[in-house]
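Report on one structure; see the data block that follows.
Nothing in this text is a laboratory measurement; each read-out follows from the coordinates by a stated rule. None of the values given here were measured: they were computed from a predicted structure. A quick note on method: Cβ atoms are made from the backbone with ideal geometry, for glycine too, and the neighbour counts reach across all protein chains shown.
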Amino acid sequence: MKRWLLVLLMGGFMATHSLYAADNVVSTQPGSFKAGDKTFLLNDKPFLVKAAELHYPRIPKEYWDHRLKMVKALGMNTVCMYVFWNYHEQQPGVYDFEGQKDIAAFVRLAQENGLYVIVRPGPYVCAEWEMGGLPWWLLKDKSMDLRSDHPYFMERTRQFMLEVGKQLADLQITKGGNILMVQVENEYGSYGINKPYIAKIRDIVKEAGFTEVPLFQCDWSSNFTDNALDDLLWTVNFGTGANIKQQF
């Protein structure tokens with residue numbers, strides 16, 4: 001009797017493990033992701049994005065795998081990640097994507113854990129991070145106007161975004177990776193009104209190689225009137241107690 005009980009327990013464990021493993025897989029074959037009619041479509045099938053925000057600089061690399069597994073155990077299928085400019089380019093033109101700063105490794109590890117990724121590369125990310133991720137050395141230019149089409153700001157933004165593209169563009173879902181979407185800027189309406197600037201950032205993101213997944217912008221509903229681009233998906237922020245239907 002005890003032997004049969006052990007066999008049943010082991011059989012139940014294997015069945016549960018197999019079901020979890022099947023759900024835990026993100027294919028390494030080229031796929032597709034797009035916005036359909038009132039739903040996202042993953043490989044042409046309806047897909048509900050259930051995302052958690054994880055910031056790789058705030059988690060020791062040794063714990064990345066553990067945190068990703070916790071996210072998966074919570075029932076999430078996606079991770080949102082900012083890319084922190086001043087973390088990777090602490091001096092002009094000196095880029096660091098190694099070790100703790102290896103964003104490609106973080107994205108691949110998410111894929112191994114059955115998670116998709118939404119990339120939010122800024123240039124400004126907020127995230128309660130120093131200067132919202134913008135490098136301090138930008139301010140050495142006394143004429144600097146951050147988050148604008150100031151020539152030096154745009155030049156340095158472009159150079160950094162191209163470096164991000166070298167790290168992540170090949171990990172888009174269309175290339176067998178797990179990146180579903182890429183964000184353009186971040187909540188810009190809370191900072192200013194400058195649709196031409198948003199358009200330039202969009203073009204830089206595309207130049208960096210993010211051309212095969214949807215690009216989107218994130219803001220409060222009242223801010224889209226002035227800064228929204230028709231070729232980007234609009235995602236709306238709202239707080240607790242908000243009238244969601246009214247926000248949309």
>> Could you identify which residue out of Ile204, Ile179, Ile59 has the top mean-square fluctuation in a GNM of the chain using Cα springs shorter than 10 Å?
In response: Ile59
> Toward the positive end of the charge dipole of the range 28-247, about the Cα centre and with charges on Cβ (Lys, Arg +1; Asp, Glu -1), which of Val182, Pro123, Asn113 goes farthest?
Replying inline: Asn113
> Based solely on its DSSP helices, what 222 nm [θ] is calculated for the chain when runs of n ≥ 4 H residues each add -39,500 (n - 2.57) and the sum is averaged over all residues, nearest 500 deg cm²/dmol?
Replying inline: -10500 deg cm²/dmol
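If you only keep lysine pairs separated by 8 or more in sequence, or across chains, how many in the range 68-213 come under 16 Å at the Cα atoms? Mind showing how you got there, number by number?
Numbers: Lys101/Lys166; Lys166/Lys175; Lys166/Lys206; Lys175/Lys206.
Final tally of qualifying lysine pairs is 4.
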> What is the helix-to-structure angle for 2-23, meaning the angle in degrees between its Cα long axis and the longest Cα principal axis of the chain, kept from 0 to 90 and rounded to the nearest 10?
Replying inline: 20
>> Quick check: from the Cα gyration tensor, does the range 128-181 come out rounded (a/c under 1.5), prolate or oblate?
In response: prolate
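Starting from 0.36 nm per residue, how many nanometres of slack lie between Ile193 and Val94 once their C-alpha separation is accounted for? The partial results should precede the final answer.
Details: separation 99, 0.36 × 99 = 35.64 nm, distance 3.14 nm.
Here the answer is 32.5 nm.
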> Given the Cα-Cα distance of Arg108 and Asp230 and 0.36 nm per residue of separation, how much length would full extension add, in nm?
Replying inline: 40.8 nm
>> I'd like the orientation of helix 151-168 relative to the chain: the angle between its Cα long axis and the longest Cα principal axis, in ° from 0 to 90, rounded to 10.
In response: 20
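Based on the Cβ-Cβ distance from Lys142 to Lys45, what FRET efficiency comes out when R0 is 41 Å, to the nearest 0.05? The partial results should precede the final answer.
Values: r = 54 Å, r/R0 = 1.31.
After rounding to 0.05, the efficiency reads 0.15.
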> Hey, fewest Cβ within 10 Å first, where do Trp136, Trp129 land in order?
Replying inline: Trp136, Trp129
> Three principal axis extents, largest first, for the C-alpha atoms of the chain, in Å?
Replying inline: 82, 43, 35
